[in-house]
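The block underneath contains the structure these notes are about, expressed in structure tokens.
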Amino acid sequence: MLKIENLHVQVAGKEILKGLCLQVNAGEVHAIMGPNGAGKSTLGNVLAGREGYEVSAGTVTFDGRDLLTLQPEERAAAGVFLAFQYPVEIPGVNNTYFLRAALNAQRKARGEPELDSMQFLKRVREKLKVLDLPDALLHRGVNEGFSGGEKKRNEIFQMALLEPRLAILDETDSGLDIDALRQVAAGVNAQRTPERAFIVITHYQRLLDHIRPDQVHVLADGRITASGGVELAVKLEAEGYAGMPQEAQA
Amino acid sequence: MSTALLAAALQHTGVPDLPGTGIAEVDAARAAARALLARRPTLTDAHAEAWRYTSLRALEAQNLLLALPPAAHITPDLPPASGLRLVFIDGHYAPHASLTRNLPAGVTLKPLVDVSAAEWRTHAALLRLPLADADALAALNLAFASAGVLFAVPAGVVIETPIEMVYLGATNIPGAWHARSCIVLGEAARATVIERSIGAGAGLATLYADVALAANARLDLVQLQEAGAALSLLRSSVIDLHARATLRLHAIDLGAALTHHALSVRLLGAHAQVELRHVVALDRRQHADLQLDLLHAVGDTRCDVRCRAVAGGRARAVLQGAIRIAEGADGSDAALDTHNLLLSDQAEIDTRPVMEIYADEVRAAHGASVGQLDATMLFYLRARGIPMAEARALLTAAHCRAVLDDIADVNVRAAALQALDARIQSLR
């Protein structure tokens, strides 16, 4: 589904990703772990198409398409979803309006019929229940006045509603208490299907206790330096990143 | 069109009968205004601070005669009225398009053409030049106003349905029309007024409004301007509030080639308060200039002013927001914030909040910003699949809606937001 080869990315003239390679197949969950400043969030942002991230070398193909040539909204319509590390508050843009505009824009771009209000609200209510989010959230501005936990749950709610092919969760566990973490993990697990893949970016193993990954990768200094099963996350938790190889794996 | 030229042209062509013609006080006031007009070489004093950002030179070069009454068969395509409505087409009252039935006893709501001699005398504001040293523009309005409304509500009367005043342009033939209105709310009276400028239009229109709110009165006033793209709309409003009176004014400027609004609000009695919201959305070469002069004449008065401008193309938006707190007006509470968005490299927004404080114990705050759409918000919307143009429109509308969401009447609010959204969708 996703194939990243030798990806080099600069931000403000500084190279952050230095030859990253990663392959993710449909139905898989890949965890990316690594120390601060390793380039984890850069990876999420560059896959979603954020401005300011300059790809100087390498390729990213998604379902056979060159992802890097697509605009952010085209990537979303193609099925790429980024759950933001810091979801932005947008006062004045009503959450319901935003969600419907997003869903229908994606459907339109894919040549699917747009949902009317009734169909849309039915779908919204089903997904809200899974994340235990109140209906009142729909009437507020996007993320406006949400607590940290609500913002993260709202990201997962949006993911559930938009049903992407590839979801990238950028430190979705940061700032969550244990109950909120469980809810977020339950929301993610409910979305796991043989067709959908996840890249879960995290600092800590505790999220992986709830979302069991197929593969764990260590990202250090802009490259994947180690890959393995869930036991790698356990080892990291026990030994820290200092004990990991510093060079990229072949 | 120098004013001397205008006066000569009018002498040559003759002036159509104006409302109140034949009433001594009206004739005398108009004669004085025309005499003043004839003495002035230009419509405005280009050196005056209020005209620092707006030039009428191009307008003055045109020979703009008064617009003729429209053909009687014009039936304007207006949205359904949510209450009572007076319609003026090219500056002339259109009774067939208006609705003035079932007013509470004692309430006066009539176009200038129906104002009686006694009412002209009672409501002297209808014949007042707004400034002691009146400029030619004010004189032009007084001398030739054919449109406008007298709306007077006696003490204690509450009017639930909105009163709508519609100024409709039916022709793109350059011309000139002038309107002056007088709104008087007696003690504890309440009303909602929506003033709409819509349709086609080219040339010059002037609108003068004199508003007086007695003690404990409350006026919700919405000025929704979607005038024709070639019209220059010059507006002057004087609003006086007495003790414990409340004004909520939402002014929304979306249309016209050029607008200039000299808005004077005077808080004359303790606990009088004004909430002023101004939204302007422009593109191409549109120009909008709001000159606010807000006076706390006495203490324990409150104002809350919030302005939002967005400008694309080569448009220019100007806000000169002066709040003056007079000596001895202790306990005044004044707030002014103006936040503005530039949507193109060639647009310009000039914003100058000014506070002049002569009292000792006051609360006064102001903030101003001019910037661009937030890149993080834009990316967030696009990352969810919303195309760039739609994402920009959503954020631009949100920026403006923030100060329109508190329009009290639900139908008026919906109309204002609908007009705003339509304008923002079309901004280039």
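The values are calculated or read from the model by the stated rules, or taken from the named source; none is laboratory data. All figures in this text were calculated on a predicted structure; none of them were measured in a lab. Cβ sites come from the backbone with ideal geometry, for glycine too, and all protein chains shown count toward neighbours. SASA here: full protein model, heavy atoms, side chains in, ligands and nucleic acids out. Shrake-Rupley method; radii C 1.70, N 1.55, O 1.52, S 1.80 Å.
Assorted remarks:
- Count of region A:128-157 residues which are without any contact (Cβ under 8 Å) to a residue 40 or more places away in the chain and more than 18 Å from the chain's Cα centre (by Cα): 7
- Filter result (touching a Gly at 6+ places or on another chain (Cβ under 9 Å) and either closer than 19 Å to A:S227 by Cβ or among the basic types (K, R) (or both)) within region A:7-29: A:L7, A:L17, A:K18, A:G19, A:L20, A:C21
- Of the residues making up region B:251-284, those that are of a type in the set (D, E, K, R) and in contact with a Gly (Cβ under 7 Å, 6 or more places away or on another chain) are B:D283, B:R284.
- Of residues in region A:19-53 being among the charged types (D, E, K, R) and under 26 Å from B:R392 (Cα atoms), the one most open to solvent (accessible area, probe 1.4 Å): A:E51
- Residue that is nearest to A:P72 (Cα to Cα), among those in region B:399-410 that are surrounded by 17 or more Cβ atoms within 10 Å (Cβ to Cβ) and away from every other protein chain (no Cβ under 13 Å): B:I407
- Helices (runs of 4 or more DSSP H) contained in region A:162-250 and holding at least 2 residues under 30 Å from B:G385 (Cβ atoms): A:178-190, A:206-210
- Flag for A:V184 being more than 14 Å from A:G34 (Cα to Cα) and in contact with a Phe, Trp or Tyr (Cβ under 8 Å, 6 or more places away or on another chain): no
- Residue count, region A:125-157 (criterion: within 14 Å of chain B (Cβ to nearest Cβ) and more than 21 Å from A:D177 (Cβ to Cβ)): 5
- Qualifying residue in region B:336-344 (condition: at pLDDT 95 or above, touching a Gly at 6+ places or on another chain (Cβ under 8 Å), away from chain A (no Cβ under 14 Å) and at positive phi): no
- Verdict on A:R192 being touching a residue at least 40 places away in the same chain (Cβ under 8 Å) and more than 14 Å from every other protein chain (Cβ to nearest Cβ): yes
- Condition check for B:T396: closer than 30 Å to A:Q85 by Cα, among the β-branched types (V, I, T) and touching a residue at least 12 places away in the same chain (Cβ under 8 Å): yes
- Meets criteria (more than 7 Å from every other protein chain (Cβ to nearest Cβ), under 30 Å from B:E164 (Cβ atoms) and out of contact with any helix residue (DSSP H, G or I) (no Cβ under 7 Å at 6 or more places or on another chain)) for B:A415: yes
- Region B:84-122, subset part of a loop (DSSP other than H, G, I, E, B) and under 20 Å from the mean Cα position of the chain (by Cα), residue farthest from B:L18 (Cα to Cα): B:D90
- Which numbered condition B:E187 fails, given (1) part of a strand (DSSP E or B); (2) free of Cβ contacts under 8 Å to residues at least 60 places away in the same chain: (1)
- Qualifying residue in region A:199-209 (condition: hydrophobic (A, V, I, L, M, F, W, C), closer than 19 Å to A:A83 by Cβ and more than 15 Å from the chain's Cα centre (by Cα)): no
- Residues (assigned to a loop (DSSP other than H, G, I, E, B) and either touching a His at 6+ places or on another chain (Cβ under 8 Å) or without any contact (Cβ under 8 Å) to a residue 12 or more places away in the chain (or both)) located in region B:228-264: B:A243, B:R244, B:A257
Conditions tested, residue by residue: (1) part of a loop (DSSP other than H, G, I, E, B); (2) facing chain A (nearest Cβ under 7 Å); (3) of a type outside the set (D, E).
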position	(1), (2), (3)
B:P353	no, no, yes
B:E356	no, no, no
B:S369	no, no, yes
B:T376	no, yes, yes
B:Y380	no, yes, yes
B:G385	yes, yes, yes
B:R392	no, no, yes
B:A397	no, no, yes
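- B:L204 in contact with an Asp or Glu (Cβ under 8 Å, 6 or more places away or on another chain), open to solvent by less than 30 Å² (accessible area, probe 1.4 Å) and either at negative phi or modelled with pLDDT of 95 or more (or both): no
- All positions within region A:82-93 that are touching a Leu at 6+ places or on another chain (Cβ under 8 Å) and more than 8 Å from chain B (Cβ to nearest Cβ): A:A83
- When each of A:A102, A:A77 is tested for being within 30 Å of B:D406 (Cβ to Cβ), within 7 Å of chain B (Cβ to nearest Cβ), buried (at least 18 other Cβ atoms within 10 Å of the Cβ) and within 17 Å of the chain's Cα centre (by Cα), the lone residue that passes is A:A102.
- A search for C-beta distances below 6 Å between a residue of region B:413-428 that is open to solvent by 20 Å² or more (accessible area, probe 1.4 Å) and any residue that is in a helix (DSSP H, G or I) and not basic (K, R), counting only pairs 6+ apart in sequence or on different chains, returns B:D421/B:A397; B:Q425/B:A393.
- Qualifying residue in region B:370-386 (condition: within 30 Å of B:R266 (Cβ to Cβ) and either surrounded by 20 or more Cβ atoms within 10 Å (Cβ to Cβ) or more than 22 Å from the chain's Cα centre (by Cα) (or both)): yes
- Subset of region A:54-63 [touching a helix residue (DSSP H, G or I) at 6+ places or on another chain (Cβ under 9 Å) and open to solvent by less than 60 Å² (accessible area, probe 1.4 Å)]: A:V55, A:G58, A:V60, A:T61, A:F62
- B:D337 being in contact with a His (Cβ under 9 Å, 6 or more places away or on another chain) and either more than 30 Å from B:G255 (Cβ to Cβ) or in a strand (DSSP E or B) (or both): yes
- Taking region B:154-184 as the range and being within 15 Å of the chain's Cα centre (by Cα) and either surrounded by fewer than 18 Cβ atoms within 10 Å (Cβ to Cβ) or among the aliphatic types (A, V, I, L, M) (or both) as the test, the residues that pass are B:M165, B:V166, B:L168, B:A179, B:I183.
- Of all residues in region A:10-50 being assigned to a loop (DSSP other than H, G, I, E, B) and touching a Pro at 6+ places or on another chain (Cβ under 6 Å), the one that is farthest from the other protein chains (Cβ to nearest Cβ): A:G27
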